[in-house]
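Okay, so here's the structure we're looking at.
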Amino acid sequence: MKNFVSIKNLTKTYNNKFKALDNINLDIEKGHIFALLGPNGAGKSTLINIICGIVSATSGTVLVDNNNIVHEYRKARSMIGVVPQELHLEAFETVWDNVRYSRGLYGKSINKVSDINYIKSIIKDLSLWEQKNSKLRELSGGMKRRVLIAKALSHEPSVLFLDEPSASIDVELRKDMWNLVKKLKEKGMTIILTTHYIEEAEELASKVAIINHGKIIIVEDKDVLIKKLGQKKLIIDLQENIQTIPDKLKEFKLILNNEGNKITYLYDTRNVRTGITTLLNLIKNEGIKLKDINTEKSSLESIFINLVKGANNEL
């Protein structure tokens, strides 16, 4: 599949010598939802701001659909829609006027029937039609977030940047936001999101990049990443409480809960032999009676934490 955003050897060093980005290389395919994860100060916002032309890079290149963001700025920027984290909106403007005005700022016509129909379709898709004549100061935080997305889509971009799209909205609206993002992806839009909600990346993204201290730690398909780096938990509920793990089971590094009625065994899904069969036989030989057995796979969150810890230890 065609790469829509291509980043090569991108570095950003500020005047105070702080290196916010260190030789970033990243390719983002057309029509994908791409999640950029990282702790605060990792370089996520700097990277997005450079791609969107808000901040200048020290070195390196960024192409949007093969258009250089520096030398072909106008064309590259016209393809990009940005939904910022902050809710900065014109408080006394109506939803309709705000979206229409944003379209005009990109040099798009706003008076043709086709233009009006397009603006209508955006507002309806975002469930804002009933609020089209409402002033922005009258809207809830979730509705304002939707208006920001409408503004970002007003000039018909090909790639949409979402900076913390679920910030400051409740759980119900977050689910609505996820459904909206999925619909945009189904229409062929390339979407790049940064998020602190790991479950958001796990729910939406097809590919994940993890950045820390200005460096990309890993880029991988989400499902492949979870399968390749994830651990599984074998959770064994016991019929009767035990005080300690028997010596013959110590090699499995089992975790016994405080109540003494649950044993957890962590195993690597990449290993040909997990050791589960041997473990269960030894437990039986020790006279420990089982009540129930369950497994849990590692989430993207646990993988993210482990990778960031590992990167920090290498510094």
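The values are calculated or read from the model by the stated rules, or taken from the named source; none is laboratory data. Quantities reported herein were computed from a predicted structural model and do not represent experimental measurements. Positions of Cβ are generated from backbone atoms using ideal geometry, with glycine treated the same way; all protein chains shown enter the neighbour counts.
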Residue 45 passes all but one of (1) within 19 Å of residue 304 (Cβ to Cβ); (2) in a strand (DSSP E or B); which number fails?
-> (2)
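Quick check: is even one residue across the stretch 196-206 under 13 Å from the mean Cα position of the chain (by Cα), assigned to a strand (DSSP E or B) and closer than 18 Å to residue 5 by Cα?
no
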Select, from 226, 242, the only residue that is more than 30 Å from residue 48 (Cβ to Cβ) and either assigned to a loop (DSSP other than H, G, I, E, B) or not acidic (Asp, Glu) (or both).
-> 242
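Residues are listed down the side, and each one gets a yes or a no for (1) surrounded by 12 or more Cβ atoms within 10 Å (Cβ to Cβ); (2) among the hydroxyl-bearing types (Ser, Thr, Tyr); (3) in the same structural domain as residue 191 (by TED's automatic domain parsing); (4) not in a helix (DSSP H, G or I):
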site: 90; (1), (2), (3), (4): yes, no, yes, yes
site: 100; (1), (2), (3), (4): yes, no, yes, no
site: 104; (1), (2), (3), (4): yes, no, yes, no
site: 107; (1), (2), (3), (4): no, no, yes, yes
site: 117; (1), (2), (3), (4): no, no, yes, no
site: 124; (1), (2), (3), (4): yes, no, yes, no
site: 145; (1), (2), (3), (4): yes, no, yes, no
Return the pairs, sorted by first residue and then second, in which the second residue is among the β-branched types (Val, Ile, Thr), the first residue lies in the stretch 155-166 and is free of Cβ contacts under 8 Å to residues at least 60 places away in the same chain, the beta carbons are less than 9 Å apart, and the residues are 6+ apart or on different chains.
-> 166/195
Within the stretch 149-173, residues in a helix (DSSP H, G or I) and surrounded by fewer than 19 Cβ atoms within 10 Å (Cβ to Cβ) come out as 171, 172, 173
Show the residue pairs that are 6+ apart or on different chains and have beta-carbon atoms under 8 Å apart, the first residue being within the stretch 24-39 and closer than 20 Å to residue 300 by Cα, the second being aliphatic (A, V, I, L, M) and surrounded by fewer than 16 Cβ atoms within 10 Å (Cβ to Cβ).
-> 32/1
Which condition number does residue 21 fail, the rest of (1) farther than 28 Å from residue 200 by Cα; (2) modelled with pLDDT of 95 or more being met?
-> (1)
Output the residues belonging to the stretch 46-102 that are more than 27 Å from the chain's Cα centre (by Cα) and not aromatic (Phe, Trp, Tyr).
-> 71, 72, 74, 90, 91, 93, 94, 95, 97, 98, 100
Which residues, taken from the stretch 93-138, are in contact (Cβ under 8 Å) with a residue 40 or more places away in the chain, closer than 11 Å to residue 151 by Cβ and β-branched (Val, Ile, Thr)?
-> 95, 99
Failed criterion for residue 271 (all others in (1) at pLDDT 90 or above; (2) not assigned by TED's automatic domain parsing to the domain that holds residue 28 hold) | (1)
